[in-house]
1. What does the convex hull of the Cα atoms come to per residue for region A:28-237, in Å³?
2. Need one number: convex hull volume per residue for chain B, Cα atoms only, in Å³.
3. When chain B is treated as a GNM, springs tying every alpha-carbon pair under 10 Å, which of B:VAL76, B:VAL119, B:VAL12 comes out with the largest mean-square fluctuation?
4. What aspartates and glutamates does B:LYS42 reach when the alpha-carbon gap must be under 17 Å and sequence neighbours fewer than 8 apart in one chain are set aside?
5. By how many degrees, 0 to 90 and rounded to 10, does the Cα axis of helix A:155-177 deviate from the longest principal axis of chain A?
6. Which whole number gives the average, over all residues in B:99-108, of C-beta atoms from other chains lying within 10 Å of the residue C-beta?
7. Over 21 Å between C-alpha atoms is what I'm after, so list which of A:LYS206/B:LYS11; A:LYS107/B:LYS91; B:LYS77/B:LYS100; B:LYS11/B:LYS91; A:LYS206/B:LYS123 land there.
8. In square nanometres, what is the average projected area of the Cα convex hull of the protein assembly as shown?
Amino acid sequence: MRQARTFLAPAAALLICALPLLIQDQYVYHVMIMAGIYAILTMGLNLLLGCAGMFSLGHAAFYGLGAYFSALVTLRLGWPFLPALLASGLFTGLIGGVIAFPALRLKGIFLAIGTMGFNEIFRLTAINAESLTGGPAGLTGIPRPELFGYPIERSVDFYLMIIVLCALVYFMFNRILGSSPGRALIAIRDDETAAQSVGVNITRFKVAAFVFSSFSAGLAGSFFAHYMAYISPDNFGLAESFSILAMVALGGMGNLPGSVAGAALLVAGPEAFRFMQEYRLLIYGSSLILVVLLLPEGIFGWMRPKTPAAKAGLQRTAGTGGG
Amino acid sequence: MALLEVRAVRKVFGGIVALRDVDMTVSEGEIHGLIGPNGAGKTTLFNVLSGNYLPASGQILFAGRDLAASRAHERVKYGIARTFQNIRLFKSMSVADNIKTGFHGMTRTGWLTAIFMPVRAFKEERLVTAEAAKLLERLNLTWAADEPAVNLSYGDQRRVEIARALAARPRLLLLDEPAAGLNETEVGVLEHLIRGIRGAGITIVLVEHDMRLLMSVADRVTVLAHGQRIAQGIPEEIRLNTRVINEYLGGVPA
């Protein structure tokens, strides 16, 4: 199992980077770019829900905030793409931090309902604040990105860009989860009282989780806006939040590579079943239920050895046994 | 010298006075027993000491500083660590990760350090891993390092919880009924461990119903009943104190 894990990740990364050499189809690129955007969103929600145990159903609102912010600063203020991308992340992270304070008073399902409310408030504001957001029609003509004087127009360029962005976000969350802040988050999810007893400032860590989670959602939103060149409130409704939630569940709570895989599967999967027309949503829904029932730890759950016997085998291969 | 001085601490839940102006003095380096019948307020006092409850009034002087208003996660930094009556390990973590989490107060890696200074974070992580391994070795738990904490026996889980508390390098360790649910052999191991911790210069406050264990390890004992302190002294005095016998120990004094 250890071997599977060590080889799978580099192999997958290599394949993802080599795809432009193999594929010319614009439609396939579009699906993969969307998978990349959702991978970022899923990794962000995974930090909040999978690691810190905070049930948020408002992730699409942060995604939308980033998209609208980026669209507005480029359209109205003429900002170039890169500063707009970064500023969207920071702005959304800031809003996430502000939202965190009232949200921290809510637990479990009540937090889910509260964040769901936030999602609706965002969507309704986007519909009604017409002078700023363009109302139900949304914003059109969002400029395509330009990197160091090189315009990004072809699908391949967008594809390579989202890979870089995904890798950066992956690195960010991987570093957080691999050091003491990540452990503190898991500690909070497992037992808040015990986490406090080892000195974890629960409020601070929960707010930070909100900030980093919404920061990444803001980046995804900004990229989406400049990729599609058109955004409307429909892109950021509750259904999106639920989709991202399903991706986290599919990938496994707290499992970072799983989040990426979960997003890719749920974006590409329905496309693969397109020939079945309306029935594809039926298949989508029922397969999701099956996964949650049969693989409660997500599609990669099998990778984490659980039995002491498997553990012992692992220890032997890693040479760290002891008595 | 008194490391911990509890002065007139009062805690009220609704209309019930759980702690009625309790005083307690714990000297540096001693094992201080805390006993009393169920509902006497032992666990309440414990939670007040660890910051899980804030007292309505009174002072908690720790090394000369009043901590009565500080919160639970801050107490760890001042040097107070605790274990729980119902073991509270991090369920999804391995034994080693539980201990590593205990080092939280020592670590300086924040969110941004972890991202922008990965080398520094990595070095610290290596240090924490090494320290955790040392602690596991001291408690003869190395074999369990990668085991999910919940798979261990009750006695071993207790020791992991104590190890996690020790990881914070406390000056004062609060043990809440550590012998509860342990068999005789495990209690023997626990007693040895408690003496070893004191030997390392750590002061201990021990709540315990196992009188044989408590009377044998405690240097001094405080007795609570109905939220009040009814006695404080060395175990021999406590055993002969008629009020303590009537309220708690019962029977003929040994």
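1. Once divided by residue count, the hull of region A:28-237 is 113 Å³.
2. Taking only Cα atoms, chain B has a hull volume of 137 Å³ per residue.
3. Residue with maximal mean-square fluctuation among B:VAL76, B:VAL119, B:VAL12: B:VAL119.
4. The reachable aspartates and glutamates, counting only those whose Cα sits under 17 Å from B:LYS42, are B:GLU5, B:ASP21, B:ASP23, B:ASP176, B:GLU177, B:GLU208, B:ASP210, B:GLU247.
5. Its long axis makes an angle of about 40 degrees.
6. 5
7. A:LYS206/B:LYS11; B:LYS11/B:LYS91; A:LYS206/B:LYS123
8. One quarter of the hull surface, i.e. the mean projection, equals 30.8 nm².
Every read-out reported here was derived from the displayed coordinates using simple, explicitly stated rules and does not represent laboratory data. It should be emphasised that the depicted structure is a prediction, and the values quoted were computed from it without experimental measurement. Positions of Cβ are generated from backbone atoms using ideal geometry, with glycine treated the same way; all protein chains shown enter the neighbour counts.
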